[in-house]
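To start, the structure itself, in structure tokens.
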Amino acid sequence: MTTAKTLKLVTAISETILAIPIYGWLLVISLLWTPLIILLVLHITTLVIGNEEWGIPKWGSISGIITSLLWWVPFLGMALHILTAILLWIDFSRIKSHVGSEETVVPIEK
């Protein structure tokens, strides 16, 4: 698994945890918004590394950056965490491993 794919997995799991309505809110508040700052840095890092590694999908990371910046809007923040988690899981699932160390992106069929 490449660095970008690992970062996609970490951010997808983290956003999924924060998307749990009361638990995510309590986690963020009890840790003084530190998880959101960490996730913002992770999303930016994933976006940069993903662009360098075989064109990893970027919609989940872009959505994560927006979510990390708009967390303070009461119901929008929760909706954005749910949307970002879904997009990150879709991005992660589209990265298919091939023989060797190379990975490519599988296009979404229409």
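Backbone geometry of segment 63-69 corresponds, through the Karplus equation with coefficients 6.51, -1.76 and 1.60 at θ = phi - 60°, to 3J(HN,Hα) couplings of 4, x, 5, 4, 4, 5, 8 Hz, x marking Gly and Pro. Simple spin-label estimate for residue 53 and residue 90 gives 2.2 nm between the two label positions (7 Å along the Cα-to-Cβ direction from each Cα). Highest mean packing first, where packing is the average number of other Cβ atoms within 10 Å per residue, the peptides 22-34, 82-94, 41-53 line up as 82-94, 41-53, 22-34.
Bear in mind these aren't lab numbers, they're just calculated from the coordinates by the rules spelled out. None of these values were measured; they are calculated from a predicted model. A quick note on method: Cβ atoms are made from the backbone with ideal geometry, for glycine too, and the neighbour counts reach across all protein chains shown.
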